[in-house]
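Participant: Structure incoming, see below.
Just so you know, all these numbers are worked out from the coordinates, no wet-lab data involved. What you see is a predicted model; the values in this text were computed from it and never measured. Ideal geometry is used to build each Cβ from the backbone, glycine not excepted, and the neighbour counts take in all protein chains shown.
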Amino acid sequence: MAVDAWHTAVLTVQLAAVTVLLLLLVGTPLAWWLATTRRRWKVPVEAVTALPLVLPPTVLGFYLLLFLGPKGPAGELSIRWFGSPLTFTFSGLVIASCVYSLPFVVQPLQAAFEGIDKRAVEAAWSLGASRVRTFVQVIVPQARRGFVTALVLGFAHTLGEFGVVLMVGGNIPGETQVLSIAIYERVEMLDYAGAHGLSLALLLFSFLVLSLVYLTNRRWSMGAHGG
């Protein structure tokens, strides 16, 4: 039982790590576009990005199940290329987790980008710096608190997923069973001691991670004021 719990914990951390990495790659340019654009498409894109905040996880999971399943667009492509659909696989869990945790990464980054000193950006451009160099050397350092917050919230939110991952990935030990589902399974089996152990571990880990980000942001804030 302890070995199974360990494998489940490792799978959960792997899912959260891969998800937040992909979300940072995709969410950073999206957040920058939302923070700087004045196009009419901004409002609907913001609304779509924020949908996972208000939709019940089962609703989101249901449509992802259709999209990733054998008769869905992504599922059909996966069958054609790899011989199997994306449902009930780790890859399917990653896609579902990215959709579910998207606003927890994009919104902190967007807020950070909206708060940067625009004069420093314009000064870098006037000195001949490319947009990529300006983004890396000027914008990212100013938005670092947003990046840390996005990373931690995206990671922690993925750790606690239940409805979406259950709909898309099911409950396959060693393949798609994450901690939240393992806890639910132990409660159904009336194994309250096992459920308590997993829940306590997840609670303590989440608390430590959030405490770390608050402490880091506080130190950065004090350093900025001190400078």
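Participant: Count the net charge of all other residues whose Cβ sits under 14 Å from the Cβ of L86, scoring Lys and Arg as +1 and Asp and Glu as -1.
Facilitator: Working: positive: K71, R80; negative: E76, E175.
Net charge in that neighbourhood comes out at 0.
Participant: Anything in the chain that counts as a DSSP H helix reaching 24 Å or more along its axis (C-alpha) with Kyte-Doolittle mean of at least -1.0? List them, would you? Mind dumping the intermediate values first?
Facilitator: Working: long enough: 2-36 (49 Å, 1.53); 90-114 (34 Å, 1.25); 192-226 (50 Å, 0.84).
Flagged H segments are 2-36, 90-114, 192-226.
Participant: Do you know the relative contact order of region 1-122, to the nearest whole percent, from alpha carbon pairs under 8 angstrom that are 6+ apart? It would help to have the intermediate numbers written out before the result.
Facilitator: Details: 90 pairs, mean separation 43.8, N = 122.
Normalised by residue count, the contact order of region 1-122 is 36 percent.
Participant: Just to confirm a number: summing +1 for Lys and Arg and -1 for Asp and Glu over residues other than P173 whose beta-carbon lies under 14 angstrom from that of P173, what do you get? Display every interim value, and only then the final one.
Facilitator: Numbers: positive: R186; negative: D4, E175, E185.
Taking every other residue near P173 into account, the sum is -2.
Participant: Can I ask one more? Take peptides 12-22, 171-181 and line them up by average Cβ neighbours within 10 Å, highest first, as a rough protection proxy.
Facilitator: Values: 12-22: 19.5, 171-181: 17.9.
So the order, starting with the most tightly packed, is 12-22, 171-181.
Participant: How big, on average over all directions, is the shadow cast by the Cα convex hull of region 1-143, in nm²? If you can, show how the numbers build up before the last one.
Facilitator: Working: hull surface 48.1 nm².
Mean orientational projected area (region 1-143, Cα hull): 12.0 nm².
Participant: Summing Lys, Arg as +1 and Asp, Glu as -1, what charge do residues with Cβ under 11 Å from the Cβ of T216 carry, T216 excluded? Please report the intermediate quantities before stating the final value.
Facilitator: Working: positive: R144, R145, R218, R219; negative: none.
Neighbourhood net charge equals +4.
Participant: Follow-up question, since we're still on this one. For the chain, give the magnitude of the charge dipole about the Cα centre (Cβ charges: +1 Lys/Arg, -1 Asp/Glu; no others), in debye to the nearest 20. Please report the intermediate quantities before stating the final value.
Facilitator: Working: 15 positive and 11 negative charges, 240 e Å.
That gives a dipole near 1160 debye.
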